[in-house]
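J.: Before we start, here is the structure in question, set down as structure tokens.
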Amino acid sequence: PPSRAPRRKTQKPIKMRRTLKGHFGKVYAMHWASDSQSLVSASQDGKLIIWNAYTTNKTNAIPLRSSWVMTCAFEQSKGNLIACGGLDNVCSIYNIQNQGANARATKELVAHDGYLSCCRFTDEGHIITSSGDSTCIYWDITCGEVLKAFSDHTGDVMSVAINPENSNVFVSGSVDKTAKIWDLRNGKCVQTHVGHENDINSVTFFPDGNAFGTGSDDSTCRLFDMRSYGEVNKFGNDKITSGITSVAFSRSGRLMFGGYDDYSTYVWDTLADSSQVPYALPSQHENRVSCLGVNAKGDALCTGSWDTNLKIWA
């Protein structure tokens, strides 16, 4: 007779659960709120839309002065503030609590000499921005002043991420093919990680804050460890030839998600060796996957695409 040993419940496969429709232009960026249910998306139709990912309802839409938006961010501690920016070189801060019909930016942070590629709040009063002028800037939002400028990169900085365990530390990825670790306390670059053979488009911290992941135009994702100061894993193979626009980890860090120029989203096992075949998410987008993110609870992945849609996976 079949053995009566209890079968371990196998993990259900990731499926597409929701589609968020409403943008009329390419979606360029998305970011989850700390409630793991709301998210903000930015599109070149000139709108920021705040969604409830469970109900797919739009809870807010903010018309932007410049439609050439490249990044958006949700403030994580209270969830009242949203930031965005792009080819206007400005980081605009919006308060979504007191948002009437005429949505005005609460603050406009002006100092970069190039496009704004990415922004992330460290708390309600401070934000880090990265730019095509090869610098990152740490801002005081309340008075709109530059607290520190970080200028060690030699090419456009494409992405920043703040360490989940220590908000004084952040990582940046650049078209100079390096990722750099910075410390807000001394205002310096403390580590430079090399290995990629082309532009780094996206960086994200490993959940424990000791390592970080990168996605690059060299069609690989990589895992770098700050303790061993080097690359510890590389995700890619000969069949994957398109660049990676965005990367994210599952809550445990076991999975690494990558959004690709060829419309795919691949899931990599961070513990497997380089011969692994990644899992491709089914029912893929109809254009480039431009952004993705896993929520704080770790129970949902959102992908955004140039096909104007966002999809929720769980």
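The values are calculated or read from the model by the stated rules, or taken from the named source; none is laboratory data. Computed from a predicted structure; not experimentally measured. Counting neighbours? That spans all protein chains shown, and the Cβs are built from the backbone with ideal geometry, glycine included. Surface areas here come from the heavy atoms of the whole protein model, side chains and all, with no ligands, DNA or RNA. Shrake-Rupley method; radii C 1.70, N 1.55, O 1.52, S 1.80 Å.
J.: Taking the Cα centre of each part, how many Å lie between the stretch 23-73 and the stretch 221-282?
T.: 25
J.: Within 13 Å, Cβ to Cβ, of Cys302, how many net charges do the neighbouring residues add up to if Lys/Arg are +1 and Asp/Glu are -1?
T.: +3
J.: Largest first and to the nearest Å, give the Cα extent of the stretch 224-266 along each principal axis.
T.: Its Cα atoms span 34, 23, 14 Å along the three principal axes.
J.: Accessible area of Glu75, 1.4 Å probe, to the nearest 10 Å²?
T.: Glu75 has an accessible surface of roughly 0 Å² with all protein chains in place.
J.: Got a sec? Which residues in the stretch 149-182 would a label at Val190 touch, if it sits 7 Å along Cα→Cβ and we count backbone N under 12 Å?
T.: Taking a point 7 Å out along Cα→Cβ of Val190, the residues of the stretch 149-182 whose backbone N falls under 12 Å are 163, 165-171, 181-182.
J.: Hey, another quick one. Would you give the gap between the C-alpha center of the stretch 77-91 and the C-alpha center of the stretch 174-211, rounded to a whole Å?
T.: Spelled out, the Cα-based centre of one part sits 22 Å from the other.
J.: Taking 22 Å as R0, compute the FRET efficiency from the Cβ-Cβ separation of Ser252 and Asn168 and round it to 0.05.
T.: With R0 = 22 Å, the Cβ-Cβ based efficiency is 0.35.
J.: Here is a further query. For the chain, which cysteines have no disulfide-compatible partner, meaning no other cysteine Cβ under 4.7 Å?
T.: Result for the chain is Cys91, Cys118, Cys119, Cys136, Cys143, Cys189, Cys221, Cys291, Cys302, no neighbouring Cys Cβ within the cutoff.
J.: If I take R0 = 22 Å and measure r between the Cβ atoms of Glu145 and Asp123 in this structure, what FRET efficiency does the formula 1/(1 + (r/R0)^6) give, to the nearest 0.05?
T.: 0.90
J.: Please report the accessible area of Arg18 (heavy atoms, 1.4 Å probe, ligands and nucleic acids excluded) in Å², nearest 10.
T.: Solvent-accessible area, nearest 10 Å²: 90 Å².
J.: In addition: Just the accessible area per residue of the chain, please: how many Å² with a 1.4 Å probe?
T.: 44
J.: Next up: What ranking of Thr220, Thr56, Thr154 comes out by heavy-atom accessible area, probe 1.4 Å, highest first?
T.: Result of the area sort, largest leading: Thr154, Thr56, Thr220.
J.: Could you tally the net charge around Trp268, taking each other residue with its Cβ under 12 Å from the Cβ of Trp268, Lys/Arg +1 and Asp/Glu -1?
T.: My count for the surroundings of Trp268 gives +1.
J.: Same structure, new question: Taking 20 Å as the cut-off for C-alpha to C-alpha distance, list the pairs among Lys12/Lys58; Lys15/Lys311; Lys12/Lys297; Lys47/Lys311 that go past it.
T.: Lys12/Lys58
J.: What does the extension gain come out to for Asp262 and Lys15, with contour length at 0.36 nm per residue minus their alpha carbon separation?
T.: The Asp262-Lys15 span can extend by a further 87.0 nm.
J.: What lysines could a cross-link reach from Lys188, if we take a straight Cα to Cα line under 30 Å and drop same-chain neighbours fewer than 8 places away?
T.: Leaving aside lysines fewer than 8 places away in the same chain, those within reach of Lys188 are Lys78, Lys107, Lys148, Lys177, Lys180, Lys234.
J.: May I pose another question? Leaving ligands, DNA and RNA out of it, report the carbon-plus-sulfur percent of the accessible area of the chain at a 1.4 Å probe.
T.: The nonpolar share, carbon plus sulfur, comes to 48 percent.
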